[in-house]
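Report on the structure given below.
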Amino acid sequence: MEEHKIDNIELSFLTVDDFEALKSATLEAYGGVLNSYWKKDHIARLTSIFSEGQVVIKIDGQLAGCALSLIVDYDKIDDNHTYADIIEGDKFKNHDPNGDVLYGIDVFIKPEYRGLRLGRRLYDYRKELCENLNLKGIVFGGRMPNYYKYKAQYSPKEYIQKVKYKEIHDPVLNFQMSNDFHPIRIIKGYLEGDTASSEYAVLMEWDNIYYTKPNKKASSVKTVVRLGLIQWQMRPYNDLEDLMRQVEYFVDSVSAYRSDFAVFPEFFNAPLMAKYNHLHESQAIRKLAGYTKTVVEKMQQLSISYNINIISGSMPEIVDDVLYNVGYLCRRDGSLERYEKIHVTPDEAKVWGMQRGNQLKTFETDAGKIGVLICYDSEFPELSRLLADEGMDILFVPFLTDTQNGYSRVRLCAQARAIENECYVAIAGSVGNLPNVNNMDIQYAQSAVFTPCDFAFPSNGIKAETTPNTEMILVADIDLGLLRELHSFGAVKNLKDRRKDVYDVIRVNK
């Protein structure tokens, strides 16, 4: 375009007063290809039924571009619909204020104003409108204005692939794809008279990652979640009641900060084995398992009375005379879920006779979808990848490590899990020593909350961390909304870019 000074760019709602300018701009923008323009009664009707959906861009008072939209109930729209089906003459009967998708019926920029990224402004407005109205997404039929040059060589599907791979330039499709729209199907006979596209259109879609299904219940899922990690001090306790007083003290502490989760470490109740130290280790751990049912019941009551979800760390549990390392999610609504350690360490198997678990699943909570991997399990990336495929937002890792070497394995693997699965990872461990409990002599820990590494997150991927080897709590806020943005708009997309045509991770036994 001819360069000239621009004093003002304004985005505003379209009105009937703009009709003459809109008519002129439409004819100029389409160059007679469509041989049509919106009539005055069309504009009056559109601005009457859905004023927010009709916007124009004006440069120094001159109309430079326009975007028109409707809201539709997409389930009622035929997959092979035409443009005429959508607008239904001049009545726009398909507009449904209670619909779930924003349907774009027109967007253009006058030739003299192209190159100023004004089209991006119109698309960005539509996206914001879609989010504000809590619609599932945006859909429209995209023209293929350069297809007429290649229709003898390629089918519409092949043409789109060539455009996608940058082998062919199509100004409309390239622009739409660069604005995060993706093709979902080809429609034949979409727009009568569009000879450049051979009357084909590509149905383009943009997904609103913030969409939430309307809920008639009074409850809602939070987007900003507060985690309360307990870095537990190993010390002697007289009995179970004494230990549970300390448990309640920490639950009380993190709930006072209105935390959504209280997270305990692996084998936090190990001090109770002191009275069985005269027995063989494999017998002592089974004695400890005798407390598990009572501990879980008491934690379940604490989660209700303190209005907090509790990740119980882990404890030994005997099922059909088989010893497992398990934990429980105690939701604040009173419900209970169980998780197991899938990979036991060589020491757990050799000294205690601990057996491997088989249950792996995500858990729905009022503060996001979560997964729990106990200590050693975090060092196996396949497990967290399966949980990520189920939509996990937060991965909790209760751990117990005696040396810095062991701790580093858990920490570094947890950080990797946060990056590769685009999720938050919270690790909680124990500190101190238990000189009167065999096989549980010393502990080393630095509890932490890890994040992906992208612009919206800390550059080093560490949201917060405790002082090493010190009894304390760690309270940190995480924003699940940032994960939604990362999945779609991150500098890299670790989940979306996986080559499932080359490799995949599957469950053998769900």
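The values are calculated or read from the model by the stated rules, or taken from the named source; none is laboratory data. Since the structure is predicted, the reported quantities are computational estimates derived from the model, not experimental observations. When we count neighbours, we look across all protein chains shown, and the Cβ atoms used for this are built from the backbone with ideal geometry, even at glycine.
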> Of all strands (runs of 3 or more DSSP E) completely enclosed by region 317-426, which ones contain at least 2 residues that are of a type outside the set (Val, Ile, Thr) and touching a strand residue (DSSP E or B) at 6+ places or on another chain (Cβ under 6 Å)?
Replying inline: 322-330, 336-340, 368-372, 394-398
> Pick from Ser255, Ser259: which is assigned to a helix (DSSP H, G or I) and buried (at least 18 other Cβ atoms within 10 Å of the Cβ)?
Replying inline: Ser255
> Mind checking which residues of region 91-110 are loosely packed, with under 13 Cβ neighbours inside 10 Å and touching a residue at least 24 places away in the same chain (Cβ under 8 Å)?
Replying inline: Lys91, Pro97, Asn98
> Does any residue of region 299-318 turn out to be crowded, with 19+ Cβ neighbours inside 10 Å, of a type in the set (Ser, Thr, Tyr) and within 22 Å of Gly406 (Cα to Cα)?
Replying inline: yes
>> Among the residues that make up region 503-510, is at least one of them surrounded by fewer than 17 Cβ atoms within 10 Å (Cβ to Cβ), charged (D, E, K, R) and within 22 Å of Cys375 (Cα to Cα)?
In response: yes
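For every residue, the table says whether it meets (1) within 25 Å of Gly490 (Cα to Cα); (2) out of contact with any Ser or Thr (no Cβ under 9 Å at 6 or more places or on another chain).
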{"position": "Thr365", "(1), (2)": "no, yes"}
{"position": "Ile374", "(1), (2)": "no, no"}
{"position": "Asp377", "(1), (2)": "no, no"}
{"position": "Gly391", "(1), (2)": "yes, no"}
{"position": "Leu400", "(1), (2)": "no, no"}
{"position": "Val410", "(1), (2)": "no, no"}
{"position": "Glu420", "(1), (2)": "yes, no"}
{"position": "Gly432", "(1), (2)": "no, yes"}
{"position": "Asp441", "(1), (2)": "no, yes"}
> When both residues are 6+ apart or on different chains and their Cβ atoms are under 9 Å apart, which pairs have a first residue that lies in region 369-393 and is over 21 Å from Ala448 (Cβ atoms) and crowded, with 24+ Cβ neighbours inside 10 Å, and a second that is modelled with pLDDT under 95 and not β-branched (Val, Ile, Thr)?
Replying inline: none
> Does region 139-164 hold any residues that are buried (at least 17 other Cβ atoms within 10 Å of the Cβ), in contact (Cβ under 8 Å) with a residue 24 or more places away in the chain and outside any loop (DSSP other than H, G, I, E, B), and which are they?
Replying inline: Val139, Phe140, Gly141, Gly142, Tyr147, Pro156, Ile160
> When residues of region 462-473 are filtered for being over 24 Å from the mean Cα position of the chain (by Cα) and either in a strand (DSSP E or B) or over 16 Å from Gly228 (Cα atoms) (or both), how many remain?
Replying inline: 4
> Within region 439-459, how many residues turn out to be at pLDDT below 85 and surrounded by fewer than 20 Cβ atoms within 10 Å (Cβ to Cβ)?
Replying inline: 2
> Within the group Leu288, Leu240, Leu302, which residue is of a type in the set (A, V, I, L, M), within 22 Å of Tyr444 (Cβ to Cβ) and out of contact with any Cys (no Cβ under 6 Å at 6 or more places or on another chain)?
Replying inline: Leu288
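From the list Pro145, Pro156, Pro214, Pro171, pick out the single residue that is within 21 Å of Leu129 (Cα to Cα), outside the structural domain of Gly368 (by TED's automatic domain parsing) and not aromatic (Phe, Trp, Tyr).
Pro214
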> What number goes with the only condition from (1) outside any loop (DSSP other than H, G, I, E, B); (2) in contact with a strand residue (DSSP E or B) (Cβ under 8 Å, 6 or more places away or on another chain) that Glu485 does not pass?
Replying inline: (2)
